[in-house]
């Protein structure tokens, strides 16, 4: 890279980071899933019921850095910036000029990655790993250097340990490889040594799955029954168009070029790979965003192709058009797709969000706010009120804070000023109970379900019972979640907890 292109890339990276920090209004808390991932830092393992282990490694690093919101938001922004860097390097590998670099960077920045990169979830790193793996394939095809096999194995293993979704990449890539001239790769001995390396790297997680009766199977079953059942395959295809809508022409140009542009002749397998991967996603009724990692590499191909065909004649005047399109489309995206408006504003203007399907949650129903936004409200209020209740209990060490879901437990543990270690029978928290303490008091965090009988059902087992508060933010998904306090147990709480844990784990099996 020249000094000019290095400075330009650095400028795009700064822009990427700045955008990620200004796209969230301070009125919002962290999102439900983020609290669970952050709590994993205190329970390091080779696997979890919800995700593989890599997220916990970054959570531990965030904890060491002070656990502030700045660092929580830094890492998804970093993964997004690195995705940009890999697309940039891919364009250089494909011999793209300065225009191709600017076009590719613009398309990557002003896309759905802005939305993904505001949340601390495995998705940002997943997209990065998909992009990096495709880049490695391009490098091998171009150079035929065997080192890329081993680099690819490491990247894939890291991606697998971040999110199992990357398996779809291989499933879609294999038939495309078999149908292409590049199938001769399968005869390379070092490819299989690289596969062994990759297997060794993911083996600790596979052993964890085995030792825990493969909870991923149960997780996928529950996901299929509660969420994927609501996925419409035609909606899945329609949503693919919107993830990179500003660069749709660039991606379509890439698909054309992969079939008919002679310099891309040896990369034709990428055309078939995209088709096969989408077919697999459709077959499994996957969520639309699972496929986002597919597209950044095609932006690189499209940018290089367009930079060549727009070099001469009247076509030169179209060069700024392709750069302006993602910028212009970002304007309505900025006003709709990000939590940069107050919840009250969103509710007041809900009609335009409903027309775009943004109010449809995983339950298949429309609500007042987009689900991700509603999942970013009420958590500080819950933690503050739980802290207040906890402070009034004299024998705190004998008090357990039991929540209905991982969001409640994670948020309390993140924001607490009293050192609370809230737990739940939900998700990974079922493995995080400390039963070395004989509990006598219970603070119960209960989701409001229309007819809350918790007080009536639980109070007979304690000498003292009270309703201590609830979440009052009407825009929060956890609205009316209630805090119950039960003290001086008449029964052995630990035995009941052990029974519940056993039942939950048996259900998981």
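The values are calculated or read from the model by the stated rules, or taken from the named source; none is laboratory data. Just so it is clear, the model here is predicted, and its values are computed rather than measured. Glycine gets a Cβ as well: all are built from the backbone with ideal geometry, and neighbour counts include every protein chain shown.
What the table below lists for this structure:
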| quantity | calculated |
| --- | --- |
| Failed item in (1) in contact with a helix residue (DSSP H, G or I) (Cβ under 6 Å, 6 or more places away or on another chain); (2) in a loop (DSSP other than H, G, I, E, B); (3) farther than 30 Å from residue 214 by Cβ, with residue 386 passing the rest | (2) |
| Some residue of the stretch 484-501 being in contact (Cβ under 8 Å) with a residue 60 or more places away in the chain, touching a strand residue (DSSP E or B) at 6+ places or on another chain (Cβ under 8 Å) and either part of a loop (DSSP other than H, G, I, E, B) or within 19 Å of residue 407 (Cα to Cα) (or both) | no |
| Count of the stretch 474-500 residues which are over 30 Å from residue 359 (Cα atoms), buried (at least 16 other Cβ atoms within 10 Å of the Cβ) and touching a helix residue (DSSP H, G or I) at 6+ places or on another chain (Cβ under 9 Å) | 5 |
| Inter-residue pairs, beta-carbon under 7 Å, first outside the structural domain of residue 427 (by TED's automatic domain parsing) and surrounded by 16 or more Cβ atoms within 10 Å (Cβ to Cβ) and in the stretch 199-215, second at pLDDT 95 or above and in a helix (DSSP H, G or I), 6+ apart | 201/154; 201/157; 202/157; 202/160; 202/161; 205/161 |
| Number of positions in the stretch 175-198 that are farther than 18 Å from residue 259 by Cβ and either in contact (Cβ under 8 Å) with a residue 24 or more places away in the chain or touching a strand residue (DSSP E or B) at 6+ places or on another chain (Cβ under 7 Å) (or both) | 9 |
| Members of the stretch 115-172 found to be within 18 Å of the chain's Cα centre (by Cα) and outside any helix (DSSP H, G or I), listed by number | 117, 118, 119, 120, 121, 163 |
| Tally of residues being modelled with pLDDT under 90 and in contact with a strand residue (DSSP E or B) (Cβ under 7 Å, 6 or more places away or on another chain) across the stretch 435-450 | 1 |
| Pairs, first at pLDDT 90 or above in the stretch 221-248, second surrounded by fewer than 17 Cβ atoms within 10 Å (Cβ to Cβ), C-beta under 7 Å, six or more apart | 248/241 |
| The stretch 336-356, subset in contact (Cβ under 8 Å) with a residue 40 or more places away in the chain and assigned to a loop (DSSP other than H, G, I, E, B), residue farthest from residue 117 (Cα to Cα) | 342 |
| In the stretch 390-412, residue nearest to the chain's Cα centre (by Cα) [restricted to those that are surrounded by fewer than 24 Cβ atoms within 10 Å (Cβ to Cβ) and part of a helix (DSSP H, G or I)] | 390 |
| Top-ranked residue of the stretch 416-443 - restricted to ones that are within 18 Å of residue 504 (Cα to Cα) and in a loop (DSSP other than H, G, I, E, B), ranked as nearest to the chain's Cα centre (by Cα) | 426 |
| Subset of the stretch 1-57 (residues that are within 18 Å of the chain's Cα centre (by Cα) and free of Cβ contacts under 8 Å to residues at least 40 places away in the same chain) | 41, 56, 57 |
| Residue list for the stretch 159-197, restricted to those being surrounded by 20 or more Cβ atoms within 10 Å (Cβ to Cβ) and closer than 21 Å to residue 55 by Cα | 159, 160, 161, 162, 163, 165, 166, 168, 169 |
| Answer residue from the stretch 343-381, given it is under 18 Å from residue 32 (Cα atoms) and over 20 Å from the mean Cα position of the chain (by Cα) and is surrounded by the fewest Cβ atoms within 10 Å (Cβ to Cβ) among those | 380 |
| Some residue of the stretch 390-405 being in contact with a helix residue (DSSP H, G or I) (Cβ under 6 Å, 6 or more places away or on another chain) and farther than 30 Å from residue 233 by Cβ | yes |
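A quick yes/no check of all residues on (1) crowded, with 20+ Cβ neighbours inside 10 Å; (2) under 33 Å from the mean Cα position of the chain (by Cα); (3) assigned by TED's automatic domain parsing to the domain that holds residue 42; (4) in contact (Cβ under 8 Å) with a residue 40 or more places away in the chain:
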site: 414; (1), (2), (3), (4): yes, yes, no, yes
site: 445; (1), (2), (3), (4): yes, yes, no, yes
site: 463; (1), (2), (3), (4): no, no, no, no
site: 466; (1), (2), (3), (4): no, no, no, no
site: 472; (1), (2), (3), (4): no, yes, no, yes
